[in-house]
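J.: There's a structure below that I have some questions on.
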Amino acid sequence: MNDNSTNWDRGINHYLYTPSTNDLRFYEDPNKWSLSGPQAAQYVRGHLIKSLKDDHPEVLELYQQSGKHPFMLMRSMMPYLESVSTLYEPGKNDLDRVVFFVKKYFPVNYDANAREFYSIYRNGLMHRHFPKCDLIDIGGNLLLAGWEITADPQRHLKATHVKFPIEDNPNNRDGLLIPVCPRCFYDDLLLAMGKYADDLEKDNQLVNNFLKGFRSKS
C-alpha cells in the first residue's frame, strides 16, 4: 500500500547504504538513491565480508576442536550468500539467483549440486532446524538427497551414492549424500564475496543490479 502524500511504499526497501556515514539510513524516495561501483564494493567489503569475519572464526575453531555448533554455523553463513546473490541477480527467484552467484564465483565443485546444497542446508536449517532431505531427479531417477556436516575438508561437497536404510521398508533406497565442511564453505564464501566486490568496481551492469537488489524487499 502506498502513502499517497509521499514516496513511502511498503513494497520497497527504504533503509539504504550511505557511503558518507558507512552505514544504513532511511530514504523517503529510494529511486533517488544511487551508488558508484567503488561505493557498492565498499558496502560488500565493509559490511558483509567484515561481519562474516567478525562472527565466525572463533565458532569455526570450536567446531573443529569439539564438533559443537555445526547447525548454527551453516544457518548463520547462509544469509550472507543470499544477500550477495540478491544484489548480483535480483531478477531471479531465491534459488535461481543463489545458483547463478555460486556458479559465477564459487569453486567448480559447487556446480553439480548447487541447488541441492542451498535447499538442504539453507531451507532445512532455517525452517525445520535440521538440514532438509529430499528427492532429487537425476536423469529420470529419483534419489534421496541426504546431508552430513563434517570437519574434514577433503569430503566437502564430494557427493557419494549410498543406500539409505528405510524405517518402514526392508529395502534400502538409492541416494546421494552431500557432505559440507563449514570451514570450507566459510573460506569459499569469503573469496566469492571478494571477487564480487572487485567486479562491482568495474561493471556498471552489476552496479545497476546491486541498486535494484538493495531497493527490493525480497
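Just so you know, all these numbers are worked out from the coordinates, no wet-lab data involved. Predicted, not measured: the structure shown is a model, and the values here were computed from it. So basically every Cβ, Gly included, is an ideal-geometry build from the backbone, and we count neighbours across all protein chains shown.
J.: What is the set of long-range amide H partners of D134 at a cut-off below 5 Å, with H atoms built 1.01 Å from backbone N?
T.: A145
J.: Please list, ordered by chain and number, the residues whose modelled amide H lies under 5 Å from the amide H of R173; skip anything fewer than 5 residues away on the same chain.
T.: Long-range HN contacts for R173: F164, I166.
J.: Read phi for every residue in region 102-111 and hand back ³J(HN,Hα) as whole Hz from Karplus 6.51 cos²θ - 1.76 cosθ + 1.60, θ = phi - 60°, with x for Gly and Pro.
T.: 4, 6, 7, 10, 8, x, 5, 5, 7, 4
J.: Another question, then. So what's the angle, to the nearest 10 degrees on a 0 to 90 scale, between helix 204-215 and the longest Cα principal axis of the chain?
T.: Long axis of 204-215 versus the principal axis of the chain: about 90 degrees.
J.: With springs connecting C-alpha atoms under 10 Å apart, model the chain as a Gaussian network and identify which of G146, G194, G11 has the largest mean-square fluctuation.
T.: The residue that fluctuates most here is G11.
J.: Sort the following peptides by mean Cβ neighbour count (other Cβ atoms within 10 Å, averaged over residues), highest first: 208-214, 137-143, 180-186. Write out the running numbers ahead of the final one.
T.: Values: 208-214: 19.1, 137-143: 9.6, 180-186: 22.0.
Answer by packing, highest mean first, reads 180-186, 208-214, 137-143.
J.: So in region 34-215, what percent of DSSP beta bridges are antiparallel if you round to the nearest 5?
T.: Numbers: 11 of 17 bridges.
Just about 65 percent of them are antiparallel.
J.: Tell me which aspartates and glutamates have Cα within less than 12 Å of K132's Cα, excluding those fewer than 8 residues away on the same chain?
T.: Reachable aspartates and glutamates: E116, E148.
J.: If you don't mind, another one. Mind putting together the pair-distance distribution for region 38-188? All Cα pairs, 10 Å bins, whole percent per bin, short to long.
T.: Bins of 10 Å from zero give 10, 37, 36, 13, 3, 0 percent of pairs.
J.: Which value in Å is the Kirkwood Rh of region 1-102 over different Cα pairs?
T.: Values: mean 1/r = 0.0621 Å⁻¹.
So the Kirkwood estimate lands at 16.1 Å.
J.: In whole Hz and in residue order, list the ³J(HN,Hα) couplings for region 33-39 that follow from phi through the Karplus curve 6.51 cos²θ - 1.76 cosθ + 1.60, θ = phi - 60°; x for Gly and Pro.
T.: 7, 8, 9, 7, x, x, 5
J.: Oh, and also: Over the chain, what is the mean sequence separation of C-alpha contacts under 8 Å (at least six apart), divided by residue count, expressed as relative contact order in percent? It would help to have the intermediate numbers written out before the result.
T.: Details: 309 pairs, mean separation 54.5, N = 218.
With pairs under 8 Å counted, the relative contact order is 25 percent.
J.: Of the listed pairs K53/K202; K53/K158; K158/K202, which have alpha-carbon separations greater than 32 Å here?
T.: K158/K202
J.: Please turn the phi angles of region 40-49 into ³J(HN,Hα) values with the Karplus equation 6.51 cos²θ - 1.76 cosθ + 1.60 (θ = phi - 60°), one per residue in order, whole Hz, x for glycine and proline.
T.: 5, 5, 4, 4, 4, 6, x, 10, 5, 5
J.: Long-range amide H contacts for T18: which residues qualify at under 5 Å (H placed 1.01 Å from N, peptide plane, sequence gap of 5 or more or a different chain)?
T.: Those qualifying (amide H under 5 Å, at least 5 residues apart or on another chain) are D23, L24, R25.
J.: What residue among A40, Y121, V98 has its Cα farthest toward the positive end of the dipole of region 34-215, where the charges are +1 on Lys, Arg and -1 on Asp, Glu, each on the Cβ?
T.: Final value for the positive-end residue is A40.
J.: For the chain, find the longest principal axis of its Cα atoms and tell me its angle to the long axis of helix 182-200, 0 to 90°, nearest 10.
T.: On a 0 to 90 degree scale, this one is about 30.
J.: Another question about this same structure. May I ask for the Rg/Rh ratio of region 4-44, computed from Cα atoms with Rh as the Kirkwood radius, given to two decimals? Before the final figure, lay out each step's value.
T.: Values: Rg = 11.3 Å, Rh = 11.1 Å.
Value, to two decimals: 1.02.
J.: Normalised by the empirical 2.2 N^0.38 Å for globular proteins, what value does the Cα Rg of region 53-137 take?
T.: 1.14
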